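These notes are about the structure you will find just below.
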Amino acid sequence: MSLLKVNFPLDRPHTGVPLSNGNFGVLVWGSDTLNVTVNQNDLWDHRGGEYLDDRDRYAAFVEYAKTKGFDPGMNNLFHKTQTFTVRPRRLPAGRFEFHFASGIRPMQAELEYESGSLQVILSDTTRLRLVSVLKQNILYLFDPAGAVKSVTMRPATDFPKSASFNAERGMGPYEMLPDGWKIKAPADPEFTFRAVKTAYGYKVFTNDEGDDSAMDSQLAFTQAWWTSLRERTPRITTPDPWWNRFYDFSVYKLGAATCPFGKAGGLQGPWHEEYQEAQWSGDFHFNVNVQMIYGPCFALGIPEHLLPLFEMIESRDFQGALTRNAKALFKVDDAFWQLHAVDDRGAQCGGIGAGSSLDPACGAWTALLYWDYYRYTNDLAFLRNRAWPYIYKIMRGYECMLDKDFNIPVAISAEYASSNPNNCAVAGRNPSYQLAAIRKLADILMQAASILNLPERAVWRQILDKIPHYTTSSGYDHYGQRDESRIAIWEGQDLAVCHRHHSHLGAIWPFDSLPETFSGEMEAVLSNSIDHWISMGFGKWSEWCIPWANMIYTRMGLNEAPMQLFNIWKEIFVNEGLATVYLPRMLSLISHRRHDIAKPKDSNEVMQLDGTGGFLSAFNEMCAYTRFDKIRLFRGMPSKWGDVKVENLSLPGGGKLTAERGGKAEVVGGNRPFIIE
């Protein structure tokens, strides 16, 4: 059996061991007590969500840009639709503290990947076993020796930051129960969290999920599922044991967070601390973060883990929001428009403005997830009934933006304005990010139409004929010696600052919208762009920026760069519990939100799953990625790692790759004949 061994004390939730069924999330940690922090993906206060208003006409933004430019005054054209002062947000829940006899405390935790169970070894050698079963919101704590002597209930409102946060939302302390507490948001269903003593130990559960009649079958099903997951997912072996360990743990953690029996999870997945409010509402950021979380599931061979996300997007409320936003902008009924940061019903959590509302790539990048689900599963029914409608309607939004000359008159490049406050523009004309996205959508739709025997829209071929791969700007190289052409943010805007969204390079990744071979001119533009991007540094990046950068480096053939960056990332953004955290752990080479770095970690740490997911995507691509029916092997692994091996990596078409650097490479199964390079 494969084990992750962790030594206590574990002094805060995100240094602990995560367990989950894809909805009910548990963090096991502690020092003198064994603490179980609980939460759920579907625990929301939904009040205050916003949508685009019928008066928020795209034509008005275009006209403003023509007459006044792209200055921040454009934000004043948006109409506030919500007078409520709070935004939708995930709620903190609380924790249970399990106490032992005097002098007895937890010493070690052993997480068994093949069963998903956690053994906790106490200082007197007694063992507890914890299992989060998959089809019920139950954590079983088996305590055959009766080591647990009492339990303390700690609802989130026991903690000052959470209590203050809830009070600001008009919510008082959670209602105490004999064995837990009750949470009632004013406009949402009640939730109860309970820890009940049983003959076998304790049962921690939510709402009415505490039925033991199916316990034996649930435990057997859970173990079999985890065994299957371990067998189906890839292994990567490098000369560095730490990275091998971290890769295996990251596969486990992502599997637990996105389990297909659960519900879609946002930035922090099902795990949320009890002592502070959810950062960024714990919402769904569709401009990079959701895609970084769910994207690696394809190469990992677990595409079904995206089904809860698709089910959320296809829900009546969410589809209604997408349709409502598109109709407001363009007065059409057959388009979708995805906002930046939304709740599980599609309502905007972070306010309405250019940065949240004029980024159609939020939908285009999500469309890649739908397309990749088909590419990896060969599921024609999914392509016809689920992927095609979503991708088609997202493209209709892009089509509505285009002017008669196939320009995008007004759009953003993700968060560039917020990264560069000295630049007054909040948007621009023909952002390179959006050009890459619209070209990719046109290519996907033409392929899908051919597969499904559906008619093409003429505009798709026109897009590929008339819209360039990117917008260019000219400027001196960083030596100041020569003027050169490179990819621009949008027309007239060079990359002028260290920017954490690598959006202007989206034609390289994620959209992979460049031709198979580059002309001499394109080769020069790409080389100049990468050189200029590197020269801007990474001092303002956050934890998900480095995996994204490493996929760009890998695809550009800079094989030494990814591990150099990842070794820095490991020290700055991976905590003692192997959790990827948003804020740098110390002020060093990265100063992102530097005023927050010195605050105590036990009250200021933010775990985000996009770092974990981004790492898995990047590490897999560093071993192998596909372009135009070719498999590119080990393009991101450093030269000194001569004995890297990847096993069981999933490919489009359903094949599985096993390859050793400098040795044998083999694809088993699938319906696509790849050339291995």
Residues located in region 215-254, provided they are over 28 Å from the mean Cα position of the chain (by Cα) and surrounded by 14 or more Cβ atoms within 10 Å (Cβ to Cβ): MET215, GLN218, LEU219
Set ARG396, ARG486: member being farther than 30 Å from ALA321 by Cα and of a type in the set (D, E, K, R): ARG486
Any hit, region 116-135, residues being part of a loop (DSSP other than H, G, I, E, B), touching a residue at least 24 places away in the same chain (Cβ under 8 Å) and among the polar types (S, T, N, Q): no
Identity of the residue in region 542-581, touching an Asp or Glu at 6+ places or on another chain (Cβ under 6 Å) and more than 25 Å from ILE530 (Cα to Cα), that ends up surrounded by the fewest Cβ atoms within 10 Å (Cβ to Cβ): VAL581
Sole exception among (1) part of a loop (DSSP other than H, G, I, E, B); (2) in contact with a Ser or Thr (Cβ under 7 Å, 6 or more places away or on another chain); (3) free of Cβ contacts under 8 Å to residues at least 60 places away in the same chain; (4) surrounded by fewer than 23 Cβ atoms within 10 Å (Cβ to Cβ) for PRO515, by number: (2)
Yes/no for PRO173 being in contact with a helix residue (DSSP H, G or I) (Cβ under 6 Å, 6 or more places away or on another chain) and either in the same structural domain as HIS99 (by TED's automatic domain parsing) or of a type in the set (Ser, Thr, Tyr) (or both): yes
Residue, farthest from the chain's Cα centre (by Cα), within region 55-110, restricted to residues that are in the same structural domain as PRO144 (by TED's automatic domain parsing) and on the phi > 0 side of the Ramachandran plot: GLY103
ALA425 surrounded by 17 or more Cβ atoms within 10 Å (Cβ to Cβ) and either touching a helix residue (DSSP H, G or I) at 6+ places or on another chain (Cβ under 6 Å) or not in a loop (DSSP other than H, G, I, E, B) (or both): no
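Being among the hydrophobic types (A, V, I, L, M, F, W, C), surrounded by 19 or more Cβ atoms within 10 Å (Cβ to Cβ) and touching a Pro at 6+ places or on another chain (Cβ under 9 Å): is that true of ALA659 here?
no
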Criterion violated by TRP242 - all others in (1) closer than 23 Å to ARG95 by Cβ; (2) assigned to a helix (DSSP H, G or I); (3) hydrophobic (A, V, I, L, M, F, W, C) satisfied: (1)
Number of the exception - SER527 against (1) surrounded by 24 or more Cβ atoms within 10 Å (Cβ to Cβ); (2) over 29 Å from TRP29 (Cα atoms); (3) of a type in the set (Gly, Ala, Ser): (1)
Failed item in (1) buried (at least 19 other Cβ atoms within 10 Å of the Cβ); (2) farther than 22 Å from ASP359 by Cα; (3) without any contact (Cβ under 8 Å) to a residue 24 or more places away in the chain, with ALA448 passing the rest: (3)
The listed residue being surrounded by fewer than 21 Cβ atoms within 10 Å (Cβ to Cβ) and within 16 Å of GLN291 (Cα to Cα), out of ASP379, ASP372: ASP372
Conditions (1) more than 19 Å from the chain's Cα centre (by Cα); (2) buried (at least 19 other Cβ atoms within 10 Å of the Cβ); number of the one not met by ALA496: (2)
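Looking at ASP602, is it in contact with a Leu (Cβ under 6 Å, 6 or more places away or on another chain) and among the acidic types (Asp, Glu)?
Taking the combined requirement at face value, the residue does not satisfy it.
Yes/no matrix, rows are residues, columns are (1) surrounded by fewer than 19 Cβ atoms within 10 Å (Cβ to Cβ); (2) touching a residue at least 24 places away in the same chain (Cβ under 8 Å); (3) more than 31 Å from the chain's Cα centre (by Cα):
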| site | (1), (2), (3) |
| --- | --- |
| PRO144 | yes, yes, yes |
| ALA147 | no, yes, yes |
| PRO155 | no, yes, no |
| ASP158 | yes, yes, no |
| LYS161 | yes, yes, no |
| GLU168 | yes, yes, no |
| PRO178 | yes, no, yes |
| ASP188 | yes, yes, no |
Scan of region 450-481 for residues that are in contact with an Asp or Glu (Cβ under 6 Å, 6 or more places away or on another chain), assigned to a loop (DSSP other than H, G, I, E, B) and not hydroxyl-bearing (Ser, Thr, Tyr), ordered by number: ASP477
Odd one out for PHE628 among (1) aromatic (Phe, Trp, Tyr); (2) closer than 30 Å to ASP248 by Cβ; (3) touching a residue at least 40 places away in the same chain (Cβ under 8 Å): (2)
Failed item in (1) aliphatic (A, V, I, L, M); (2) surrounded by 14 or more Cβ atoms within 10 Å (Cβ to Cβ); (3) assigned to a helix (DSSP H, G or I), with VAL204 passing the rest: (3)
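For region 302-359, which fully contained helices (runs of 4 or more DSSP H) count at least 1 residues that are of a type in the set (Phe, Trp, Tyr) and at pLDDT 95 or above? It would help to see each step written out before you state the result.
On the way: elements: 307-313, 316-330, 354-357.
In region 302-359, 307-313, 316-330 are the helices (runs of 4 or more DSSP H) which contain 1 or more residues that are of a type in the set (Phe, Trp, Tyr) and at pLDDT 95 or above.
The values are calculated or read from the model by the stated rules, or taken from the named source; none is laboratory data. For clarity, every value in this text was computed on a predicted model and none was experimentally measured. Positions of Cβ are backbone-derived with ideal geometry, glycine not excepted, and every protein chain shown enters the neighbour counts.
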